[in-house]
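Comments concern the structure below.
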Ligand code: HEC
Ligand code: HEC
Ligand code: HEC
């Protein structure tokens, strides 16, 4: 059998043994249905509860996954690609037949903590209940209230299209035994309130690890030192948030705060791709929450350098990139950069003009082993201003229509050499551009 199926069998055998040892209801392949209820009247919820629920729905990105392209918000229908096949997100508006209208709060809470449909069937962890399980009762109640208050839309969900044996939902009981702990958040009394709040937001409804942690062959997030050490989201590389991050200038609390609050940080550039959507969702949170998240992230695996060290490092990185402009690895790439990119990206005399001329010397994506993020941004452009209102930054146009595969590959070769002097050159650039242009999965 293929490696993934072999790992599955081994893990499931181990989980089955644990189950036989009696770990309780969580390991049962079928669970009881929770009886349907008449759709709750949203008028019973206070305006404050509904507002809080809406902000939490943005933090949890419920809108991002449960809304189809050009679809009704939360009515489902967005295909979520996984290594095991495609799962279409269900309708979570309060329609009684095709949405959550007949779900009581206990049924909703059980879904969020244990990954179960109201009828008792297991849900797949493409739905990040493994993170949501940490939410407090009060937050889940507010989320439930908000979901019951949005317009009900009839929209049946197509069944998941997964390969055998992953199409067998009862097996998820064993997966949960092996990989999921449905424990709500318990504050760590040895840490500050700020740190605990940050932990709660990042590791709970914020589900940052869903994209930023690597996953094992069975799709479970790796823990321990691998936690938040880099993963993928929607086919994009999501860099490490730990000190394993490759940004030439290290991230500190202030940089995390700027980036999460505005979608842009002077030493790191703008959030592109799926991260732009995440930052847009964070807009709903008060400043204190964003500060708490930044505080927690900056403490993930040891202290970060102080502000003076960071400023010195940024100056050194910019100086080196400027010096290397004189010896380009590709003349064609250098010419195209001068013609198409320099107007926005070449720092003026006397140092980089951050904001108006975003520097490429500090962008993490240029340091990655994979050129995909850089190639995608050249093909599709980047629209940070639209998301965070950093008007001075402007947007980057898409070059897919204007440059050939070969031109984009030469540009990427030039950028890598100039802005990532410590990294090996990228290979297979032409083929990767062609694949990305065709929209094919990696
Ligand atoms: C990364 C994508 C993603 C995000 C983010 C997400 N969901 Fe889902 N959700 C799914 C998918 C996919 C399923 C269906 C899983 C399955 O069929 O096994 C699902 C299922 C559900 C279900 C079960 C519904 C049913 O009919 O079985 C509920 C309830 C739910 N999500 C609520 C939420 C809420 C509330 C949020 C925000 C806090 C949220 N989801 C965020 C992808 C997501
Ligand atoms: C849907 C997947 C997804 C989720 C969920 C997600 N991220 Fe990201 N994140 C990404 C991707 C993809 C990038 C790279 C974007 C780019 O290159 O512009 C990224 C980039 C980042 C960066 C910049 C890293 C760098 O070195 O450039 C930070 C910081 C970050 N995310 C923090 C978070 C936090 C905090 C959360 C949780 C609140 C989170 N992310 C949730 C996908 C995700
Ligand atoms: C009209 C101005 C403009 C032009 C022209 C432009 N860019 Fe950009 N570019 C931006 C802005 C704005 C951003 C987002 C800010 C940031 O990431 O710092 C950006 C971001 C980037 C990023 C970083 C993506 C990330 O993950 O953070 C890369 C790489 C990039 N541009 C390459 C290019 C290349 C190559 C060209 C020429 C083909 C080009 N740009 C032309 C404005 C421009």
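The values are calculated or read from the model by the stated rules, or taken from the named source; none is laboratory data. Keep in mind that what you see is a predicted model, and the values were worked out from it rather than measured. Ideal geometry is used to build each Cβ from the backbone, glycine not excepted, and the neighbour counts take in all protein chains shown.
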Check on residue 321, over 23 Å from the mean Cα position of the chain (by Cα) and either over 16 Å from residue 345 (Cα atoms) or without any contact (Cβ under 8 Å) to a residue 24 or more places away in the chain (or both): no
Meets criteria (in a strand (DSSP E or B) and either closer than 21 Å to residue 31 by Cβ or under 22 Å from the mean Cα position of the chain (by Cα) (or both)) for residue 80: yes
What number goes with the only condition from (1) touching a residue at least 60 places away in the same chain (Cβ under 8 Å); (2) surrounded by fewer than 20 Cβ atoms within 10 Å (Cβ to Cβ); (3) under 20 Å from residue 78 (Cα atoms) that residue 117 does not pass? (1)
Against the condition in a loop (DSSP other than H, G, I, E, B), under 21 Å from residue 63 (Cβ atoms) and either more than 8 Å from ligand 1 (Cβ to nearest atom) or outside the structural domain of residue 93 (by TED's automatic domain parsing) (or both), how does residue 125 come out, does it pass? yes
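Results for (1) without any contact (Cβ under 8 Å) to a residue 12 or more places away in the chain; (2) outside the structural domain of residue 111 (by TED's automatic domain parsing); (3) buried (at least 17 other Cβ atoms within 10 Å of the Cβ); (4) in contact with a strand residue (DSSP E or B) (Cβ under 6 Å, 6 or more places away or on another chain), shown as yes or no for each residue.
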| position | (1), (2), (3), (4) |
| --- | --- |
| 189 | yes, yes, no, no |
| 235 | no, yes, no, no |
| 240 | no, yes, yes, no |
| 245 | no, yes, yes, no |
| 267 | no, yes, yes, no |
Here are 64, 51: which of them is closer than 21 Å to residue 206 by Cβ and within 16 Å of ligand 2 (Cβ to nearest atom)? 64
Specify the residue that is surrounded by the most Cβ atoms within 10 Å (Cβ to Cβ); the eligible residues are those in segment 67-78 that are at pLDDT 95 or above and within 16 Å of ligand 2 (Cβ to nearest atom). 67
